[in-house]
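Below you'll find the structure, written out as structure tokens, and then a few comments.
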Amino acid sequence: MELSEIDIHNILLQREPMLLVDRLIHFDDRFTITETSIREGGIFIENGALSAAGMMENIAQTCAARIGYINRYILKKNLKTGYIGAINSYDVLDLPRVGTTITTTAEKIEEALGILLVRAEVKVANKIYAKAEVKMVER
């Protein structure tokens, strides 16, 4: 199956208005990459831009998309609930404006016992808007 054919609702438990990932565009053993269009009226929109909290939620959902893809399409299991276990670092360099598309990359650093450690970046074109190191816990 092509990643472009996957309905994001099949790999993420979040639903509108909390859903902050539009599509999964890359998946391999090390990297998960998603795209999201920033739209007016979202609950994480402040002063015409996606808030810092919204970017962190987008990072968490990119990690969840990885876990959801593995469970649904590789392991053939139901989706599991996940949550942020720890934020080791989070740097916000800019806020993406409504009308832009962000690309979020989560690089797996380590994965064991249901805990996923990732290094993530949120970009618009080639400009980094945020970067973080996050531990996700799967239940």
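A short reminder: the numbers here are calculations on the coordinates, not readings from a lab. Computed from a predicted structure; not experimentally measured. Note that each Cβ is placed from the backbone with ideal geometry, even for glycine, and that neighbours are counted across all protein chains shown.
Counting alpha carbon pairs within less than 8 Å and at least 6 residues apart, what relative contact order, in whole percent, applies to the chain?
Details: 290 pairs, mean separation 35.1, N = 139.
Computed over the chain, the figure is 25 percent.
Only Lys, Arg, Asp and Glu carry charge here, each on its Cβ (+1 for the first two, -1 for the last two); on that basis the chain has a dipole of about 280 debye about its Cα centre.
Report the gain in length on full extension from residue 100 to residue 53: 0.36 nm times residue separation, minus Cα-Cα distance, nm rounded to one decimal. Write out the running numbers ahead of the final one.
On the way: separation 47, 0.36 × 47 = 16.92 nm, distance 1.71 nm.
In short, 15.2 nm is gained.
Out of these labelled values of P(r) over Cα pairs in 5 Å bins from 0, in percent, [x] 2, 11, 20, 20, 16, 12, 8, 6, 3, 1, 0; [y] 2, 11, 22, 25, 21, 13, 5, 1, 0; [z] 2, 8, 10, 9, 8, 7, 7, 6, 6, 5, 5, 5, 4, 4, 3, 3, 2, 2, 2, 1, 1, 1, 0, 0, 0, which was calculated from the coordinates shown here? After the calculation, the listed value that fits is [y]. Packing around the peptides 107-119, 65-77, taken as the average count of other Cβ atoms within 10 Å per residue, puts them in this order, highest first: 65-77, 107-119. Extension gain, residue 22 to residue 119: 0.36 nm times the residue separation minus the Cα-Cα distance gives 32.9 nm. 3J(HN,Hα) along the range 82-90, derived from phi through the Karplus expression 6.51 cos²θ - 1.76 cosθ + 1.60 where θ = phi - 60°, amounts to x, 8, 6, x, 6, 10, 7, 7, 7 Hz, with x in place of Gly and Pro. Between the residues 69, 55, 117, the greatest Cα displacement towards the positive end of the dipole of the range 53-139, with unit charges on the Cβ of Lys, Arg, Asp and Glu, is found for 69.
Applying 1/(1 + (r/R0)^6) with R0 = 25 Å to the Cβ-Cβ distance of residue 2 and residue 110 gives a FRET efficiency near 0.30.
Evaluating 6.51 cos²θ - 1.76 cosθ + 1.60 at θ = phi - 60° for every residue in the range 7-13, the Karplus couplings come out as 6, 4, 5, 7, 10, 10, 7 Hz, glycine and proline recorded as x.
Using the Karplus relation 6.51 cos²θ - 1.76 cosθ + 1.60 with θ = phi - 60°, the per-residue 3J(HN,Hα) values for the range 112-127 come to 7, 6, x, 10, 10, 9, 10, 10, 10, 9, 10, 10, 10, 6, 9, 8 Hz, with x marking Gly and Pro.
Overall shape of the range 45-109 was characterised from the C-alpha gyration tensor. The equivalent ellipsoid obtained from it has semi-axes of 26, 14, 10 Å, in decreasing order.
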